[in-house]
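Please treat every number below as a calculation from the coordinates, not as lab data. Every value quoted in this text rests on a predicted model; they were computed, and no experiment measured them. Cβ coordinates were reconstructed from backbone atoms using ideal geometry, including for glycine residues, and neighbour counts include every protein chain displayed.
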Amino acid sequence: MSERDNPVRRFADYRWQGVELLAYKAEGEAPFQAITRQLLFQAPDLAGELRYFEIAPGGHSTLERHEHRHAVLILRGRGRCLVGDRLHALDTHDLVEVPPQTWHQFRADAGQELGFLCLVNAKRDKPVLPDAQDLKNLRSDPEIAAFIRT
Ligand code: MN
């Protein structure tokens, strides 16, 4: 059976057979650090896409918000996230839901990768980055001020 006909893509070391390792976002598009992306499932007859992101130790995702919802399952390691106006510690196998138009950012702990599955709509709006007033509002909470990376 050729790889193309095989419905099973084997897993090894947080890679899936035949799945390309991609950059998280285009360089310079948005602030982020040390993340890779793998597009696991995407098809014309699926309304959603399933991706795997991995943040290297100490790295972070973009601080952003958008209309589309995220459903996240932590698959590897530990870290923390901001969702709205609250910070949360994350452990392997935790589920995180990011509602529409909610500020969010994920960070890997020092010495730990943070890997997660993320389900999104295939057709989705572009993320918005915080402006100066948004950052001022977010930073009014000292814990959030210390957490966020921009
Ligand atoms: Mn997002």
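Taking GluC sites (Glu not before Pro) that fall in a DSSP loop and have at most 16 other Cβ atoms within 10 Å as cut points, what is the longest piece of the chain between them? It works out to 68-150. Taking other Cβ atoms within 10 Å as a rough exposure proxy, Phe106, Phe11, Phe147, Phe116 sort from fewest to most as Phe11, Phe147, Phe116, Phe106. Springs between Cα atoms under 10 Å define the GNM used for the chain, and in it the highest mean-square fluctuation of Ala34, Ala56, Ala89 occurs at Ala89.
Taking the centroid of alpha carbons for each part, segment 113-144 and segment 19-96 are 11 Å apart.
When the P(r) of the chain is calculated, the portion above 25 Å amounts to 29% of the C-alpha pairs. Dipole magnitude for the chain: computed about the Cα centre from +1 point charges on Lys and Arg Cβ and -1 point charges on Asp and Glu Cβ, it is near 60 debye.
Note on Asn6 and Arg139: with the Förster distance fixed at 30 Å, the Cβ-Cβ geometry gives a FRET efficiency of about 0.05. Taking every C-alpha pair closer than 8 Å and separated by at least 6 residues, the mean separation divided by the residue count of the chain gives a relative contact order of 24 percent. Rounded to the nearest 20 debye, the dipole size of segment 77-150 about its Cα centre is 220 debye, using +1 on the Cβ of Lys and Arg and -1 on the Cβ of Asp and Glu.
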